[in-house]
Every structure is written in structure tokens, then in C-alpha cells.
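Inspection log for the structure reproduced underneath, given as C-alpha cells.
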Amino acid sequence: MIVIPDTQQYFGKSTKLEPDSENELTNPVFKTQIKWINDNIDRQKVVFVSHVGDIVDINNHSQWSLARNFMNSLHGKIPYGISVGNHDMTSDGNSSLFQQYFPVSRFSEFDWYGGYFNETSSITHSSNNSNSYQLFTAEGIDFVILHLECNAPDNVLMWADKILSKHKNRFAIISTHMFLGPIEKPRTPEGFFNDPKGIMRWIKNHGENGNSPQQMWDKLFSKHKNIHLILSGDQSRSNALNHKLIGDSGNTVYAILSDYMLSPGPLRIMRFKKHKNEIEIISYNVNDNNIVSGTKTIPEKSSHNFTIDIDFSAYLKIESRR
């Protein structure tokens, strides 16, 4: 499984990095990452790709169009999902541009596309693939992966609870943009680097309707014993974190953050080793074709490349796809 961290490093016209530029819009890291995945689907035995959000830098048509062009090269070749990040919507949770460029209709033809949240009266907030789930089987293990928007509101969490309960016999993975990082919202720029890290207790989107990562854990993630992985991005200054959590049933849940915007190029390779009951996590820089040994933010190699213990034995029976 490949995890694509935040890809919001766009250059050229109407970008945060070059606001006065008249140059053509580009995103060389995103382009290279997608090419590497395409080139290595067979060799790396890739079965799924998850983007943890902030797919764009500024929520506008030009960036969404370029992002869709990049993802088009994966489309139809391999299952994938996208978590909507804070840059991918407005502060009040309007994700209509994401919905326009990555709607349900884009995925509904695929048997691995499980469905999406549509229990809302607003067509601009949370609906039309802004929250989705995917089903796939690899090496005799059944998986369900939910892609939940940043600070998902209660109605989204209630929907996700139903999906997880329905597929309780599948190995469950959560991909959501904001989870690990500074526990409390930093008051200074230095705080994003230095403040205590863990499950975040603050929000960026959806206003009073938004749930902090801690609330998402308390209300949903901790209650399902088949959840084993929570993937996130959002915090480039935290860079790479992994925390071992314990759910309400005593189950182990690994929360894994990867955001390499300060060291652009790396993506995450997750190798599921069924017979060893472990998952090997590798941060690989596609620009340098090297395994990451450290970054300016976190120099220790063990933060970027490590192994976690998982007992796969309960998930070896094939469940129906729906």
C-alpha cells in the first residue's frame, strides 16, 4: 500500500509559494510521485493508494484540474482514495471543488468502491465522495479503508460507524487528514515544532460542527476493534510520527503521520507481511530514489522507517464485497 502525503507544493501562477508569478502552474513532486507509483505497481505489488489530504495548495479550479490530471494516470489501474484536507475545502467545510473534480461518478463503476456519505441536506458540505470507503482483498486478507474529511462532523462519524460495523470482519484502516501533531494549538510558530505531540485537540474546519482528532478518536475510532491503522498528514513540522494507541476493546491501533512538505519527495510504502504478522513502513524519496534516513525536522531514521506488529489471523476469511 502506498500513502501519498500532502501534495500542496505548487509553483507558478496563483500559488502560495509564487503568488506574483505568471508562469505555468506545476507541481513537480506530485508528478514524480504518481509516475513512481505507476512504474512500480507490479514490482512493489501495490494493491491500494491513499492520499491523506491537502491535495491542493489553494482551493481553486486550476490546481484541482492539475491534481486530477496527475491522478488520472492511476485511474482504472489501481484502487485509490483521497482524504479531504483543510486546504481542499473552505474553513466552514465547503468541499464543492473537490466534489467537482473527484465526484462519486468518477468511482462508481469500480467494484472496490464501497460507497460515500450522503446523509446530509447540503450538497456542498461533506457529500459526493468527500467521505468514502473502499473494499479490497489481497493475499487472502479483506480490507476496508475509510477516507474521512478533516474534522468530520458528527453525522459523518455516525455514517462511518455504520460502515465499520457492517464490515467488522475486515481489517480496517482510517485515512484522515488531521490526527497526530501538536496536542494543543500552538501559540507561536516555534510551537508547531516544539510543543508536545499526540492526538490533536483542535480543529481547522467545519466550525462548531467540526470534530477534533481527539473527538474523532473518542466518538468513533476507539470503539471498533478491527481498526488497526490511522493514517494522517497535515503537520509538516511534526513531519513523521507514529503512536501506539489502545482501543476500548484492548486492541492496538497504530496512528501514523507523514507530511514531508519541508523535505519534498518522500511517500510512504507499507509492506504487509502476512506470515510475519508485521507491517514494514518505509519513507521513500522518489526524487532521490533513496530510503529516507532523516530530515531537517526529524533526523532519526527510525521515525521514517520502522516495523509494527499486527496479527492478521482474524482476517483471512473472505467476506462478501458489499
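Since every read-out is calculated from the coordinates, none of them should be taken as a lab result. Remember, predicted model here, so these are calculated numbers, not experimental data. Neighbour counts run over all protein chains shown; Cβ positions are idealised from the backbone, glycine included.
The table that follows gives values for the structure above.
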{"item": "Sorted by Cβ neighbour density within 10 Å, fewest at the top, the residues Glu149, Glu190", "result": "Glu190, Glu149"}
{"item": "Positive dipole terminus of the chain, leading residue within His125, Gly114, Pro182 (C-beta point charges)", "result": "Gly114"}
{"item": "Label-point separation in nm, Ile123 to Lys168, each point 7 Å along Cα→Cβ", "result": "3.7 nm"}
{"item": "Computed magnitude of the charge dipole of segment 2-315 (debye, nearest 20; Cβ of K, R +1, Cβ of D, E -1)", "result": "680 debye"}
{"item": "Rg ratio (alpha-carbon, reference 2.2 N^0.38 Å) - segment 173-294", "result": "1.12"}
{"item": "Anisotropy class of segment 84-209 from Cα gyration tensor, a/c 1.5 cut", "result": "oblate"}
{"item": "Over segment 9-149 - Rg/Rh using Cα atoms and the Kirkwood inverse-distance radius", "result": "0.98"}
{"item": "Karplus-derived HN-Hα couplings along segment 136-153 (A = 6.51, B = -1.76, C = 1.60, θ = phi - 60°), whole Hz, x at Gly and Pro", "result": "8, 10, 9, 6, x, 10, 8, 10, 10, 10, 9, 10, 10, 5, 4, 6, 3, x"}
{"item": "Theoretical ellipticity at 222 nm over the chain - DSSP helices of four or more residues, -39500 (n - 2.57) apiece, nearest 500", "result": "-5000 deg cm²/dmol"}
{"item": "Mean separation of Cα contacts under 8 Å, 6 or more apart, over the residue count of segment 31-125: relative contact order %", "result": "29 percent"}
{"item": "Translational diffusion of segment 2-315, µm² s⁻¹ [Kirkwood Rh, Cα pairs; Stokes-Einstein; 25 °C; 0.890 mPa s]", "result": "126 µm²/s"}
{"item": "Segment 218-322 - charge dipole about Cα centre, Lys and Arg +1 at Cβ, Asp and Glu -1, debye rounded to 20", "result": "340 debye"}
